[in-house]
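Undergrad: The structure that follows is given in the form of structure tokens.
The values are calculated or read from the model by the stated rules, or taken from the named source; none is laboratory data. Being a predicted model, the structure only gives us computed values, none of them experimental. Virtual Cβ from ideal backbone geometry, glycine too; neighbours counted across all protein chains shown.
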Amino acid sequence: MKKKTQYVDKAYKLTRDAAPLSYMLPSHHSRRFPLLHFDQETGVNRPLRYATNQKSPFEDEQDGNAILEPIIFEDGFLFVRKENQVLQQFLHFHPQKGSIFVEVDKAKEASEELDYVEMEINALIEANNLTLEKRVSLARVLLGSSVDKMSSPEIKRDILLFAKNNPIEFLEALDDPMIEIEDNVSQFVSNGFLEIKDKAVMMRTGKKSVRLMGLPFGEEPLYVIASFMQSDEGLPTYKALLKRLK
């Protein structure tokens, strides 16, 4: 038995982060705004045109008395009643669907929000159960070297806040083997063994400072230095600085 088609109201939203108060979507094929849909069965590009008095969104299926009407998103949204099947079909085939606008899928959005909330809860549980040593180690890397001047309750509070606001980054950091090395590098810097200066890393040896390595523009210094310390060239320096740290 053929399943009966269910007609429903639909909502669409602009993909821009800051949607304008009013946005007019191109509603008919033209040289300036080519609106073509490639028909897989015929191999033909079919021009689209939204006309309120027609039964099809394809121009080649419309008569010569098409009444055109603008398609306007208000505050980033457009609501289309189930009775307006021509507009729903037009938006379904519109080449800017997925780039300029998307159809609102409430079930999918709810599922994505649920996944994020569960991840947030897991991150908070993990953050709350950390040992003091692990919490401090993570805090140095994720929050900065000022951690050394903070009390244990302050560190725990800030780690919990970080986990809540950045659950993905926090959970990834828990299993990242580079975190311990980055923590040690952070301590090298805070103890004055290393100095980040003018896009370079300087190492203090006695009363002198020698250039250890350069820093690529835009890269995270701690991660770059930690990566260098694990290379054949940097490993002896890393071991020597660890001895000084202990």
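Undergrad: Take region 66-101 and flag every residue that is hydrophobic (A, V, I, L, M, F, W, C) and under 17 Å from SER56 (Cβ atoms).
TA: Answer for region 66-101, where residues must be hydrophobic (A, V, I, L, M, F, W, C) and under 17 Å from SER56 (Cβ atoms): ALA66, ILE67, LEU68, ILE71, VAL80, VAL86, LEU87, PHE90, LEU91, PHE93.
Undergrad: Counting just the residues of region 83-116 that are in contact with a helix residue (DSSP H, G or I) (Cβ under 8 Å, 6 or more places away or on another chain) and surrounded by fewer than 17 Cβ atoms within 10 Å (Cβ to Cβ), which one comes out farthest from LYS164 (Cα to Cα)? Can you show your working first?
TA: If we filter region 83-116 for residues that are in contact with a helix residue (DSSP H, G or I) (Cβ under 8 Å, 6 or more places away or on another chain), which is where we start, we get 97, 101, 103, 116.
Those still in the list that are surrounded by fewer than 17 Cβ atoms within 10 Å (Cβ to Cβ) too: 97, 103, 116.
Working: LYS97: 33, GLU103: 29, TYR116: 10 Å.
Among them, the one singled out is LYS97.
Undergrad: Just checking, which of GLU182, GLU169 is assigned by TED's automatic domain parsing to the domain that holds LEU245 and without any contact (Cβ under 8 Å) to a residue 60 or more places away in the chain?
TA: On the way: GLU169 fails: assigned by TED's automatic domain parsing to the domain that holds LEU245.
After applying the criteria, what remains is GLU182.
Undergrad: Moving on. Within region 117-162, take every residue that is touching a Leu at 6+ places or on another chain (Cβ under 8 Å) and exposed (fewer than 13 other Cβ atoms within 10 Å of the Cβ) and give me the one that is modelled with the lowest pLDDT.
TA: Step by step, filter region 117-162, then rank; the result is SER152.
Undergrad: Please go through region 84-97 and give me each residue that is in contact (Cβ under 8 Å) with a residue 60 or more places away in the chain and either over 20 Å from PHE38 (Cβ atoms) or part of a loop (DSSP other than H, G, I, E, B) (or both), ordered by number.
TA: Taking region 84-97 and keeping what is in contact (Cβ under 8 Å) with a residue 60 or more places away in the chain, we get 85, 88, 90-91, 94-96.
Correct list: GLN85, HIS94, PRO95, GLN96.
Undergrad: Anything in region 179-205 that is in contact with a helix residue (DSSP H, G or I) (Cβ under 8 Å, 6 or more places away or on another chain) and either surrounded by fewer than 16 Cβ atoms within 10 Å (Cβ to Cβ) or not in a helix (DSSP H, G or I) (or both)? List them, or say none. Don't jump to the end; show me each part of the working.
TA: If we filter region 179-205 for residues that are in contact with a helix residue (DSSP H, G or I) (Cβ under 8 Å, 6 or more places away or on another chain), which is where we start, we get 179-191, 193-196, 201, 203.
Listed by number, the residues that qualify are GLU180, ASN191, PHE193, LEU194, GLU195, ILE196, VAL201, MET203.
Undergrad: Given (1) outside any helix (DSSP H, G or I); (2) modelled with pLDDT of 90 or more; (3) among the charged types (D, E, K, R), where does GLU169 come up short, assuming only one miss?
TA: For GLU169, the failing item is (1).
Undergrad: Under 6 Å between Cβ atoms, at least 6 apart or on separate chains: pull out the pairs that start in region 18-34 with a residue that is more than 17 Å from GLN89 (Cα to Cα) and of a type outside the set (Ser, Thr, Tyr) and end on any residue that is in a strand (DSSP E or B) and modelled with pLDDT of 90 or more.
TA: MET24/ILE72
Undergrad: Look at GLU219 and say whether it is acidic (Asp, Glu) and not in a loop (DSSP other than H, G, I, E, B). If you could, list the steps in order and put the result at the bottom.
TA: Values: acidic (Asp, Glu): yes; not in a loop (DSSP other than H, G, I, E, B): no.
The answer is no for GLU219.
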